[in-house]
Amino acid sequence: MSAFGWLLGLALVWAAALGEISLSNLVVGFVLGFVVLGARSRLLGRRDHFARAIRAVEFVAFFALQLLLSSFRVAADIVTPTHRGRPAIVAVPLDVESDAEITLLANLISLTPGSLCLDVSEDRRTLYVHVMFLDDVEETRREIKEGFERRVLELLR
């Protein structure tokens, strides 16, 4: 079972032991589970537990920032009289390989306002993304690869 599965299980056990499954009890159980698993990892000489948790927090923070910035950009384009959008379809070469990695990447891009994943090539090496604002094709590819794709790889591998 993955570390997240253990954390979730320990949080549920904690909340059940207290007799009330509430958000606050689950959060406390999650934190206590994190401490327990961290102690277990140190005893066994494995330290990847904390590094993965930090990567997950960084991932969520990055996505929240991208969501906020792209929402403002789309909203600003909607409320201004002149539209600055330059829609285009961009082919992005992929480093992600598994179905889970490709799905997560495509969903994150699609959830971000102003972009939508249209298709994956037959060989699963290229992702076709519709963007609302295309300033530079290479810059857009770089933003996807160094932003979303790199973080998906760090999180899932």
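Every number in this text was worked out from the coordinates using simple rules, so none of it is lab data. Everything quoted here is computed from the prediction, not taken from an experiment. Note that we place each Cβ from the backbone using ideal geometry, even for glycine, and neighbour counts take in every protein chain shown.
In this label model, E138 and A51 are separated by 3.3 nm, measuring between points 7 Å along each Cα→Cβ vector.
Just checking the listed ones, S71, S22, S121: in the Gaussian network model of the chain with Cα springs under 10 Å, the one fluctuating most is S22. Counting pairwise Cα distances across the chain, what percent come out greater than 24 angstrom? Tail of P(r) above 24 Å: 49 percent of Cα pairs. Available extension along the chain between A17 and R84 is 18.5 nm, counting 0.36 nm per residue and deducting the alpha carbon span. Mean-square fluctuations from a GNM of the chain, with a 10 angstrom spring cutoff on Cα atoms, peak among V90, V13, V137 at V13.
With r defined as the distance between the Cβ atoms of S71 and R150 and R0 fixed at 25 Å, what FRET efficiency is calculated, to the nearest 0.05? Mind showing how you got there, number by number?
On the way: r = 22 Å, r/R0 = 0.88.
Efficiency computed from Cβ-Cβ geometry: 0.70.
Axis of helix 99-111 versus longest Cα principal axis of the chain: the two differ by about 60°, to the nearest ten degrees. Give the longest segment of the chain that steers clear of GluC sites (Glu not before Pro) in DSSP loops with at most 14 neighbouring Cβ atoms within 10 Å, not counting the sites themselves. Of all site-free stretches, the longest is 21-96. Near the amide H of T126, within less than 5 Å, lie the amide hydrogens of L94, S121, all on another chain or at least 5 residues away, with H placed in the peptide plane.
Stretch A64-T103 to full length: gain in nm at 0.36 nm per residue minus the Cα-Cα span? Could you put the intermediate results ahead of the total?
Working: separation 39, 0.36 × 39 = 14.04 nm, distance 1.84 nm.
Answer, rounded to one decimal: 12.2 nm.
Among L94, L37, L23, the residue with the largest mean-square fluctuation in a Gaussian network model of the chain, with springs joining Cα atoms closer than 10 Å, is L23.
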